[in-house]
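Each reported figure results from applying straightforward, stated rules to the coordinates on display, with no laboratory input. None of these values were measured; they are calculated from a predicted model. Quick reminder, even Gly has a Cβ in these numbers, built from the backbone with ideal geometry, and neighbours come from all protein chains shown.
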Amino acid sequence: MRYIPLTQTEREEMLAVLGLESVEELFAEIPREMVLTDDLPLPDALSEAELIEHFRQLAAKNKDLTSVVSFMGAGAYDHLIPSAISHLVGREFLTAYTPYQAEISQGVLQTIFEYQTLIAELTGMEASNASMYDGATALAEAALMSCAVTRRDKVVLPATLHPEWREVVDLYLGSQAVEIIDLPIDTATGTLDLSGVGDIPWEEVACAVVQQPNFFGNLEQIEPVRDLVKEAKGLFVMAVDPISLGLLKSPGELGADIVVGDGQSLGNAMAFGGPSFGFFATSGRNLIRRMPGRIAGQTVDTEGRRGFVLTLQAREQHIRREKATSNICTNQALNALTASIYLSLLGKQGFLDVGRQCLQKAHYFKNRLLEIDGLSAPFSAPSFREFVIEGDVDWNGINEKLLEQGFLGGLPLDRFGYPNWVLFSVTEARTKEEMDRFTNLLRGLIT
């Protein structure tokens, strides 16, 4: 009875108000042949203690990062998360939601404002919104915003973009009659093949996108694409890995007009792939006014006290309806707050150390794997946290055997049309002992 929200008396009172005799009358419009008349074939009910133990047994069948060592990335990464984060997030903010009467929730607005400030500093841009659903949707929104700003209907996308991000962008742009122009991959370097960029009608392009590092973990040449699109008065969009920004030049320094990315690696757990949050930053008054989503601003009240408000709300769906910049009318507030606490706890030096460890450990691990006969590196471009290894083996079968030994191997890329390639990821969480043990185990499975 404890799991039933209404008592029988309450049900009868509600039916009386509706002028009905039974619940069945309430659903009389449903065809009889679609109504289940027999009891569901369910087992006997369990007590609370029995039910908890049953679900514990089911959960024990899963493998998580407390029981396996992960070398898989491709968008979700096993970084170290300071224990203080869950404690702080779990206090006043665990059920926080951006309210429509936002000014009554000053604490939530302040956390959003602080988050925006951190993202702006990290990306080198002037302003950030309150966050997006994830990196893929943030990129799609950036493309749509570029089309609206420039009044053009062509978008240049790189073949080195994360394939799943590309699917999301295709979905968004397909309904808007936007033409996508592809920049091919140079399979020797693992970066963009820029030999044919002169053939693109740049004067018709709303924006050009470059992912840095790209899906394969390689560092792209930013300047050629940036110069061409900006010379034609289009917008330059960068999709970035936030952890890499501790070492690389910021998108703002590189001349980006819009910067997007996924923030899972900023203190958020992998959590079976979600939830995460997307960040979105830009510069210039015109672009800031066109930015999708919400912006929290800082002001003072009539007594001169600091306060926080939602600004530029005319962009929002709940104000402009069908004329809205975007259909996003909320944000991933809790995940964005997690990122804010993560960045604050690490500080500039700690954040730099995380990026440096990812870089150094990834290169160490790559060199160890290349000692195995039959494995090679197909790309010559420098990489950051991820890299591709090539080998004529059954990588999916290998991964099953690795999992039995407590390792989550790299991501086989055959699903994306790249047979014999596997994408490995190494974060600061990995140890030399883990990398050496994995290498020795893989050598035994391959040779």
### Query
Looking at the chain, which longest stretch skips every one of the GluC sites (Glu not before Pro) that is in a DSSP loop with at most 13 other Cβ atoms within 10 Å, leaving the sites themselves out?
93-252
### Query
If amide H atoms are built 1.01 Å from N in the plane of the peptide, which residues on other chains or at least 5 residues away come under 5 Å of the amide H of residue 153?
206
### Task
Name the helices (complete DSSP H segments) of the chain with a Cα length along the long axis of 30 Å or more and a Kyte-Doolittle mean of at least -1.0, or state none.
333-369
### Task
At most 14 other Cβ atoms within 10 Å plus a DSSP loop assignment makes a site exposed; report the longest stretch of the chain without any exposed trypsin sites (Lys or Arg not before Pro).
306-447
### Query
Where both partners of a DSSP beta bridge lie in the chain, what percent of those bridges are antiparallel, to the nearest 5?
55 percent
### Task
Work out the charge dipole of the chain with +1 on the Cβ of Lys and Arg and -1 on the Cβ of Asp and Glu about the Cα centre, then indicate which of 69, 117, 89 is farthest towards its positive end.
117
### Query
Once you mark the chymotrypsin sites (Phe, Trp or Tyr not before Pro) that are in a DSSP loop and have at most 12 other Cβ atoms within 10 Å, what is the longest gap between them in the chain?
101-447
### Message
Just to confirm my numbers, what's the Cα centroid distance between the range 379-435 and the range 180-241 in Å?
### Response
26 Å
### Query
Which aspartates and glutamates have a Cα less than 15 Å from the Cα of residue 63, not counting those fewer than 8 places away in the same chain?
78, 400, 404
### Task
Can you run the Rg to Rh ratio on the chain? Use alpha carbon positions and the Kirkwood inverse-distance Rh.
1.03
#### Entry: Positive dipole terminus of the chain, leading residue within 7, 423, 155 (C-beta point charges)
155
### Summary
Here the net charge surrounding residue 419, from other residues whose Cβ is less than 14 Å away from its Cβ (Lys, Arg +1; Asp, Glu -1), is -3
### Message
How large is the translational diffusion coefficient of the range 56-190 in µm² per second when you combine the Kirkwood radius over alpha carbon pairs with Stokes-Einstein at 37 °C and 0.692 mPa s?
### Response
173 µm²/s
## Note on the structure
Farthest towards the positive end of the dipole of the range 83-342, among 328, 266, 246 and with Cβ unit charges of +1 on Lys and Arg and -1 on Asp and Glu, lies the Cα of 328
### Under 25 Å from residue 61, Cα to Cα: lysines that are on another chain or at least 8 residues apart
401
### Message
Residue by residue through the range 239-252, what is 3J(HN,Hα) from phi via Karplus (6.51 cos²θ - 1.76 cosθ + 1.60, θ = phi - 60°)? Round to whole Hz and write x for glycine and proline.
### Response
9, 10, 8, x, 5, 5, 6, x, 10, 8, 4, 5, x, x
### the range 378-384 - phi-based ³J(HN,Hα) in whole Hz, Karplus 6.51/-1.76/1.60, Gly and Pro as x
x, 10, 9, 5, x, 10, 10
### Query
Considering every pair of different Cα atoms, what Kirkwood radius, in Å, is found for the range 83-342?
18.8 Å
### Message
Using the crude model of +1 on Lys and Arg Cβ and -1 on Asp and Glu Cβ, and no other charge, please compute the dipole size for the range 1-157 relative to its Cα centre, in debye to 20.
### Response
1000 debye
### Message
Going by amide H atoms built from the backbone, whose H comes under 5 Å of the H on residue 212, apart from near neighbours?
### Response
239, 240, 241
### Query
Under unit Cβ charges (Lys, Arg +1; Asp, Glu -1), what dipole magnitude, rounded to 20 debye, does the chain have relative to its Cα centre?
1680 debye
### Within straight-line cross-link reach of residue 249, lysines at Cα separation under 21 Å, skipping those fewer than 8 residues along the same chain
230, 348, 361
### Query
Can you list the HN-Hα couplings for the range 278-285, worked out from phi with the Karplus curve (6.51, -1.76, 1.60; θ = phi - 60°), rounded to whole Hz and with x for Gly and Pro?
x, 10, 8, 9, 7, 9, x, 4
## Note on the structure
Between residue 307 and residues 5 or more places away or on another chain, the pairs with built amide H atoms under 5 Å apart involve 299, 300, 301
